[in-house]
1. Quick one: how many residues across segment 142-168 are open to solvent by 50 Å² or more (accessible area, probe 1.4 Å) and of a type outside the set (Ser, Thr, Tyr)?
2. If I ask for residues that are under 27 Å from Ala497 (Cβ atoms) and either free of Cβ contacts under 8 Å to residues at least 12 places away in the same chain or assigned to a strand (DSSP E or B) (or both), which ones from segment 255-269 would you list?
3. Please go through segment 432-462 and pick out each residue that is open to solvent by less than 40 Å² (accessible area, probe 1.4 Å) and assigned to a helix (DSSP H, G or I).
4. Please find, within segment 292-316, the residue that is surrounded by the fewest Cβ atoms within 10 Å (Cβ to Cβ) out of those that are among the charged types (D, E, K, R) and in a loop (DSSP other than H, G, I, E, B).
5. For segment 104-113, indicate whether the set of residues that are open to solvent by less than 10 Å² (accessible area, probe 1.4 Å), assigned to a helix (DSSP H, G or I) and within 21 Å of Lys35 (Cβ to Cβ) is non-empty.
6. Looking at segment 83-92, can you tell me whether even one residue there is surrounded by 18 or more Cβ atoms within 10 Å (Cβ to Cβ) and without any contact (Cβ under 8 Å) to a residue 60 or more places away in the chain?
7. Check segment 126-134 and report whether any residue there is over 21 Å from Thr31 (Cα atoms), of a type in the set (D, E, K, R) and in contact (Cβ under 8 Å) with a residue 40 or more places away in the chain.
8. Read through the list (1) at pLDDT 95 or above; (2) surrounded by fewer than 23 Cβ atoms within 10 Å (Cβ to Cβ); (3) not in a helix (DSSP H, G or I), then give the number of the only condition that Pro16 fails.
Amino acid sequence: MAPPRTSLLDPCSVPPYNPSRPWIVQKFGGTSISKFIRSITSTIIPNHLVTNRIAVVCSARSSETKSLGKTNRLLKAAASALVPGSTEFIKTVQDIRLDHLNAVQDNISNATILRRVQNQINHDCNQLHIFLKAIQTIEEMSVKSKDAIMAVGERLSCRIVAGILEDHQIETQFVNLEAVIEAAFEPTALDQNFYDYLPRVFASALSDCGHRLPVVTGFFGPVPGGLLKSIGRGYTDLAAALLAVGLGAEELQIWKEVDGIFTADPRKVQGARLLDTITPEEASELTYYGSEVVHPFTMEQVIRAHIPIRIKNVMKPNGSGTIIFPSQNRMGCLTAKSTPWTWREPLMDNGSHCAEWTRRCPTAVTVKDNIWVLMVQSNQRSLSHGLLADVFGMLDRHGIVVDLISASEIGVSIAMEGRVVEEREMGLVLSGLGSLGKVEVRKGRSIVSVVGRAMKSLQGVSGRIFSTVGRAGVNVEMISQGVSETNISCVVAEGDALNALCALHREFFFSDETSEL
């Protein structure tokens, strides 16, 4: 049976339900639910119930690594079911069943609640087994079927969280978003109309929860074209953001196993500092160029609704975390702690002034490894604009996403993420591009990026970046500045990336100039 419950807050002391209290949406990742479920259910959620109504969004349970997480295991089970005579998916389903049954056995004391949740888990796993057997029989799996298999992970995770909260005398309601999308949308046109529709149906799914705390699946659908293909990994962040928009939440909280967002990866750079606040544009750039922040679609949606995102640590629930602010006028309450700031009053569009903290140095440095560089030198039969059109047309047909580009009149260099480029795809691309000129591929590269909203107004920042990298003995192969002017990136050999990262962090966060600010 489960050990005695301990909590910083007696759940019985949670104030009576008050519909006027503002909403907070809390999203918990798979590893957090797997490793810190007791803290989440006995401390984090109950403490926030004192002042707010809470909606909890859950990812599928995971283990130490994402590769061993339930979503990946479910996808492997689906692939196994398509192999005639394979029984591997049967073992995978049984392993998933036992993992979740053990989790509730260890954490739920009430025999009635325990039995109910066990029955729910067994039912979901039995249905999954039947579904996979049917796929093996017909030897076919549609996008919709693949989504249905993936959805089981979030559903089981929510069963566990809801059951443990009930064991702590907090009434819950399981909310399944697997079938909430009823309107018709084209897979190739998932525009803002689609993202305006989702918050309404998500909020509607919670309409009958009343005083009960909703525990919501991070998986939602049916998404046109398939959730994984149309949205990608990180869809639980997006689900939480859209729910926060639909509820008009006071705040979206994304709970991880880190304190927040740092000036650099603290596992790689000694002395990396926690950022109190960051702009959505900066967070998007950091996410794209190697730092795990939040899904970029997430920020786009909450920005429109002026809802701040707070990154929090499940291991340090009392920490303030990092806030991603959606607009300038939400930044006036900040205090300067670990990052250099200067006070100014920018003129707003309506002619009024708004107090704002503005950094006088870049915000963070980050690195993205496993980069390939594709170089095409024109054979002079194509003008530069024709060359670019042909190159990008070829990459687009093979679904290859470009990270950086550097072009001249006679050639183009393109940096792309190596792990998403299959060797066979690159072979077809090289074959097609060979008619345009000389083609070369360099592997084992990294993109080192300096990110900061204030950089566009910092004189000499580019010179400092490349002088610093040069003094560190690192050769720069490509240079690129983002259109938004919030990042400057360079491509270096993968073996030099850490050296460049540490040198840049020292330059901008520990130099004499910075220390005096």
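The values are calculated or read from the model by the stated rules, or taken from the named source; none is laboratory data. Model, not experiment: these values are computed from the prediction. Backbone-built Cβ (ideal geometry, glycine too); neighbour counts: all protein chains shown. What goes into the accessible areas is simple: the full protein's heavy atoms, side chains included, and nothing from ligands, DNA or RNA. Shrake-Rupley method; radii C 1.70, N 1.55, O 1.52, S 1.80 Å.
1. 3
2. Lys256, Phe262, Pro266, Arg267
3. Gly432, Leu433, Ala454, Met455, Val461
4. Glu292
5. So far as segment 104-113 goes, yes, one or more of its residues are open to solvent by less than 10 Å² (accessible area, probe 1.4 Å), assigned to a helix (DSSP H, G or I) and within 21 Å of Lys35 (Cβ to Cβ).
6. Scanning segment 83-92, I find at least one residue that is surrounded by 18 or more Cβ atoms within 10 Å (Cβ to Cβ) and without any contact (Cβ under 8 Å) to a residue 60 or more places away in the chain, so the answer is yes.
7. yes
8. (1)
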